[in-house]
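Trainee: Below is the structure I would like to discuss, written out as structure tokens.
The values are calculated or read from the model by the stated rules, or taken from the named source; none is laboratory data. Just so you know, these numbers come straight off a predicted model, no measurement behind them. Note: ideal-geometry Cβ built from the backbone for every residue, glycine included; neighbour counts use all protein chains shown.
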Amino acid sequence: MIAYRHHGRIVLDVPAQALLHFRVMTDSRLGGRRFLGTAVATMATATLGSAGCAAPDPTRVVGPVAQAVDAGAAGTDLRQTLRDLESSYNGRIGAVGIDLGTGKTVGYRAGERFPFNSSFKVFACSAVLHKARTSSPGLMDKVLRWTPGDMAELTGNSPETTEYTDTGMTPAQLCRAGITKSDGFAGNMLVRQIGGPSGLTRYFRSTGDQVSRLDRPEPYLTQWQPGDTRDTTTPEAAARTFAQLTTGTALHPKDRARLVGWLKGNRTGANRIRAGLPTDWTIGDKTGTGGATNHGTANDIAIVWPSGSNAPIILSVFTNRNIDNTPHDDKVIASAATALAKALGRL
């Protein structure tokens with residue numbers, strides 16, 4: 001992708017995929033400078049294919065991640081819907097939706113920081129996949145071992161790794177456990193393979209994400225209070241990086257397909273983004289939950305193929321309560337997902 005300025009516009013030139021024109025705008029709720037699309041992406045048929053003609057293919061790159069947030073009627077309606085939802089929920093919502101078929105992007109509190117919680121595991125898994133592909137052949141099949149003492153604080157949040165203490169697990173197995181069951185110790189073991197929390201932060205930077213960061217392992221990374229920047233991201237940064245990993249070129253096609261397969265098999269997100277969308281849509285997601293004692297933080301990040309479409313959308317929803325010692329509410333995340341899909345014109 002090539003970016004250049006033309007008559008005051010930022011132009012992203014993506015050969016055989018899309019041409020997007022943007023102008024710079026400002027919105028305090030979106031973290032200052034942002035890009036507003038002034039033309040709809042023209043997608044090459046070789047990239048997207050005909051709608052409904054085939055099952056979603058996670059090995060294919062599907063267009064660019066548009067650097068745009070809609071300030072039109074759809075964006076206005078979304079902001080009002082989520083403001084009303086925040087009032088009834090007594091909390092804060094950050095949400096971003098990216099349509100990779102049209103380049104349209106919508107958001108609310110898109111540039112505000114929220115804690116990762118367990119959603120970091122999809123990014124840690126991606127970093128390990130990348131390391132195995134580029135510098136450590138055979139890593140994904142290497143058996144890693146640990147002792148019961150290594151996971152003492154995580155036995156209640158590690159449903160699969162507790163069963164494999166005697167035999168160990170490979171990074172591939174840990175990725176599956178971390179993404180599909182949100183296994184806490186699996187997440188820690190994956191982060192160890194890339195040099196600890198700082199290693200994941202370096203991986204974010206290598207993808208162009210200058211916002212997301214990891215500072216602590218499980219279970220400490222879930223400890224969050226308003227204003228704490230440790231172990232945080234923004235809905236926009238998370239969505240764009242997630243899009244690169246699941247539809248872009250950040251991972252080898254085989255690794256991208258493997259990652260998307262784990263996301264589709266997730267068992268922890270039935271009541272979140274999935275619950276806010278039609279049951280015949282194909283969805284892969286990763287959730288994160290901080291608990292009531294951490295201002296009820298909860299989130300979900302998903303890649304979604306609407307029925308009859310080969311071009312996916314990316315949805316990112318982060319929440320926290322205004323009052324501590326208050327549980328999260330999955331229905332708020334589901335409602336936010338519905339609002340994002342409507343703002344993108346998919347519902």
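Trainee: For segment 221-239, check the following and say yes or no: at least one residue is touching a helix residue (DSSP H, G or I) at 6+ places or on another chain (Cβ under 8 Å) and farther than 19 Å from Thr319 by Cβ.
Mentor: Looking for residues that are touching a helix residue (DSSP H, G or I) at 6+ places or on another chain (Cβ under 8 Å) and farther than 19 Å from Thr319 by Cβ, one finds none in segment 221-239, hence no.
Trainee: OK, next. Looking only at segment 174-225, which residues are of a type in the set (S, T, N, Q), part of a helix (DSSP H, G or I) and either out of contact with any strand residue (DSSP E or B) (no Cβ under 6 Å at 6 or more places or on another chain) or at pLDDT below 95 (or both)?
Mentor: Thr180, Asn188, Ser198, Thr201, Ser206
Residue by residue, here is whether (1) modelled with pLDDT of 95 or more; (2) among the basic types (Lys, Arg); (3) part of a loop (DSSP other than H, G, I, E, B) holds:
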| position | (1), (2), (3) |
| --- | --- |
| Ser87 | yes, no, no |
| Val96 | yes, no, no |
| Ala110 | yes, no, yes |
| Lys131 | yes, yes, no |
| Pro159 | yes, no, yes |
| Thr162 | yes, no, no |
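Trainee: Are any residues in segment 276-292 of a type in the set (A, V, I, L, M) and within 17 Å of Pro327 (Cβ to Cβ), and if so, which ones?
Mentor: Matches in segment 276-292: Ala292 only.
Trainee: Now for a separate question. For segment 224-233, check the following and say yes or no: at least one residue is at negative phi, surrounded by 21 or more Cβ atoms within 10 Å (Cβ to Cβ) and among the acidic types (Asp, Glu).
Mentor: No: segment 224-233 contains no residue that is at negative phi, surrounded by 21 or more Cβ atoms within 10 Å (Cβ to Cβ) and among the acidic types (Asp, Glu).
Trainee: With respect to Thr247, is the statement that it is within 19 Å of Ala337 (Cβ to Cβ) and either over 10 Å from the mean Cα position of the chain (by Cα) or modelled with pLDDT under 95 (or both) true?
Mentor: yes
Trainee: Looking at this structure, is Met140 at pLDDT below 95 and assigned to a helix (DSSP H, G or I)?
Mentor: Judged against the criteria, Met140 is not a match.
Trainee: Ok, one more. In segment 270-293, how many residues are touching a strand residue (DSSP E or B) at 6+ places or on another chain (Cβ under 8 Å), of a type in the set (Gly, Ala, Ser) and crowded, with 23+ Cβ neighbours inside 10 Å?
Mentor: Counting residues in segment 270-293 that are touching a strand residue (DSSP E or B) at 6+ places or on another chain (Cβ under 8 Å), of a type in the set (Gly, Ala, Ser) and crowded, with 23+ Cβ neighbours inside 10 Å gives 3.
Trainee: Across segment 328-347, which residue is nearest to Ala95 (Cα to Cα) among those that are in contact with a Lys or Arg (Cβ under 8 Å, 6 or more places away or on another chain) and of a type outside the set (Val, Ile, Thr)?
Mentor: Filtering segment 328-347 for residues that are in contact with a Lys or Arg (Cβ under 8 Å, 6 or more places away or on another chain) and of a type outside the set (Val, Ile, Thr), the one nearest to Ala95 (Cα to Cα) comes out as Ala337.
Trainee: Restricted to segment 253-309, and to residues that are in a strand (DSSP E or B) and small (Gly, Ala, Ser), which residue is nearest to Leu340 (Cα to Cα)?
Mentor: Only one residue fits best here, namely Ala302.
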